[in-house]
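To keep things clear, I will list the structure first and then write my remarks on it.
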Amino acid sequence: MIKPPEFAPDQCLIMAVDDVPANLKVLQKMLDAVGYRTTFATRGQQVLDRLNDVKPDLILLDLMMPEMSGIDVCAQLKQNLTTAHIPIIFLTASHEIEHLAQAFECGAVDYVTKPFNAIELLARIRTHLELSQLRKRAQFQAQWEAISRQIVQDIHASIHLQDILNSTVKAIQQLLTARRVMVYRSCDPQGCKLLALSGDSLASELCVQGLGCPCLEHHSPVVPTLTEQQICLIEAAPIPPHGGASCSTSVPQELCLPIHQQGQLWGGLVVQNDPCARPWAQQEVETLTLVVQQLEISIQHAELHQRLSAANQELERISNTDSLTQIANRRCFDRQLSREWRRLQREKQSLSLILADIDYFKQFNDTYGHPSGDTCLVAVAQALKRCLKRPADLVARYGGEEFVVLLPNTELAGAIEVVEQMQGAIAKVAIADAPTHKLTLSFGIHAAVPQHCTKATTALALADRALYAAKQAGRDRYIISPGVAVASSVETLPGSECSEV
């Protein structure tokens, strides 16, 4: 538990208001003897004007004054959010007692009768100053704990590391009204990387590759030795008795807390304040230490989620990829065909399917061996893949030496153009173990607008039937499935054949 500071009159500003200058002199003498700082006013309007520049901790207010009574002044102060918290003690003559009920109704906390008794007046002033400080401390503590809890909740609200770090530095900067809050990641013994920043931008990174990170060593938070007065957070920046000493340093006050993962230095949280700001308070250090502990847990979860997501993505890639040729496998093709078939049904757009088979592949395997056969499959697969230019186009290994191509939003003319490009690409493929072998493929093409009355498997079967016809017709050619209109302007490569089944 943090021990509250001793009561310090020199940290308290008292405003005395009375239309009789002699009374103000008496009050000044009493208050100066204790060490209070003082300011004075003789009229109600003067009080309101002066409060734009100074914020007293307590006001001694004459009940009866000309032009604007003390009750009117009190009512206006209590209606203003910036002054409503200031305790007001009324100064009243004995014959004005009947007005005190009205004074308390408008917000006064106490009253003192004239002529003043110094012991009574000073006791009442100190009592209400201490009560006011206790209220401020309780309100501040409640707000601090609420904001701290919210920071911790926000840290655990996301599984994305960058979101966690961004929300954390922003919340800490607001909580501490700091100039800058940063999170660094330690890259190697010689440097680190800025991951998140809230507040003033850095003119240049304070800690970059090659410069080292002395603030992120294995040690406890770097904080100065604090006095009890500095530890107290009742007043963020108490008013100095005589305007304060000038600030001669330009080095920012810095609070550095290391962040660890599995016993190793992961990075650090750095909070910077202006050079002349108050020292860091113990409560701030304790709160940031708690935040860092929660941040370490959340970083661990986020990085675990990243690794798990990456592993799942790799598993998804493997499950959709043919292990030999590294193009899509039949499972991936079937899923993509089903999606595109439904989409193009809705949009009433054309879809083309191409089935391709390596000619005389069994003889190739028997002649050159299965390792050379695998090399041939890989070369064919990659040559076919290079002929596809659009992201939605897909080539997959359909089984054995057979390949299938999916061309969404493609009519027959476009499918024929792709097949002819593939024929040209295959003609250039050279197999190192079979330099004299002429590699060719047979193709079956089907193009249609998907209908609700037909299935994707039916279209695939028609493409397969066209492929069979191409092989029966002598191979090294493409055949178009029945029912597909062939434009008379479609050109074919020499040695190829374009016909219906």
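The values are calculated or read from the model by the stated rules, or taken from the named source; none is laboratory data. Worth saying up front: this structure is predicted, and the values here are computed from it rather than measured. So basically every Cβ, Gly included, is an ideal-geometry build from the backbone, and we count neighbours across all protein chains shown. All accessible areas refer to the heavy atoms of the entire protein, side chains included, with ligands and DNA or RNA removed. Shrake-Rupley method; radii C 1.70, N 1.55, O 1.52, S 1.80 Å.
For this structure, a couple of remarks:
- Per-region count, segment 433-477, residues open to solvent by less than 40 Å² (accessible area, probe 1.4 Å) and in contact with a His (Cβ under 9 Å, 6 or more places away or on another chain): 4
- Those strands (runs of 3 or more DSSP E) lying entirely in segment 299-409 with at least 3 residues surrounded by 15 or more Cβ atoms within 10 Å (Cβ to Cβ) and not aliphatic (A, V, I, L, M): 402-408
- Among the conditions (1) free of Cβ contacts under 8 Å to residues at least 40 places away in the same chain; (2) more than 28 Å from the chain's Cα centre (by Cα), the only one that ASN312 does not satisfy is (2).
- Cβ-Cβ under 6 Å pairs, at least 6 apart or on other chains, segment 344-360 side at pLDDT 95 or above, far side open to solvent by less than 10 Å² (accessible area, probe 1.4 Å) and of a type in the set (Phe, Trp, Tyr): ILE354/PHE443; ALA356/PHE403; ALA356/PHE443
- Selected residue [in a helix (DSSP H, G or I), under 51 Å from the mean Cα position of the chain (by Cα) and of a type in the set (A, V, I, L, M)] from ILE426, ILE445: ILE426
- Of all residues making up segment 48-85, the number that are within 47 Å of the chain's Cα centre (by Cα) and not in a loop (DSSP other than H, G, I, E, B): 11
- Residue in segment 405-420 that is touching a Lys or Arg at 6+ places or on another chain (Cβ under 6 Å) and either touching a residue at least 60 places away in the same chain (Cβ under 8 Å) or not small (Gly, Ala, Ser) (or both) present: no
- When every residue of segment 116-131 is checked against the conditions, none turns out to be under 30 Å from ILE299 (Cβ atoms), in a helix (DSSP H, G or I), in contact (Cβ under 8 Å) with a residue 60 or more places away in the chain and out of contact with any helix residue (DSSP H, G or I) (no Cβ under 6 Å at 6 or more places or on another chain).
- Once segment 1-36 is narrowed to residues that are open to solvent by less than 40 Å² (accessible area, probe 1.4 Å) and in contact with a Pro (Cβ under 7 Å, 6 or more places away or on another chain), the residue that is farthest from CYS74 (Cα to Cα) is GLY35.
- Among the conditions (1) touching a Lys or Arg at 6+ places or on another chain (Cβ under 8 Å); (2) assigned to a helix (DSSP H, G or I), GLY107 misses just one, which is (2).
- The set of residues from segment 250-261 being at pLDDT below 90 and among the polar types (S, T, N, Q) comprises SER250, GLN253.
- Condition met for ILE159 (in contact with a His (Cβ under 6 Å, 6 or more places away or on another chain), open to solvent by 20 Å² or more (accessible area, probe 1.4 Å) and not in a strand (DSSP E or B)): yes
- When the residues of segment 268-296 are filtered to those that are open to solvent by 60 Å² or more (accessible area, probe 1.4 Å), free of Cβ contacts under 8 Å to residues at least 60 places away in the same chain and part of a helix (DSSP H, G or I), the one that is nearest to VAL152 (Cα to Cα) is GLN293.
- Meets criteria (touching a His at 6+ places or on another chain (Cβ under 9 Å), in contact (Cβ under 8 Å) with a residue 24 or more places away in the chain and under 26 Å from ALA469 (Cβ atoms)) for LEU337: no
- Subset tally (residues that are out of contact with any Phe, Trp or Tyr (no Cβ under 7 Å at 6 or more places or on another chain) and more than 22 Å from PRO482 (Cα to Cα)) for segment 399-421: 3
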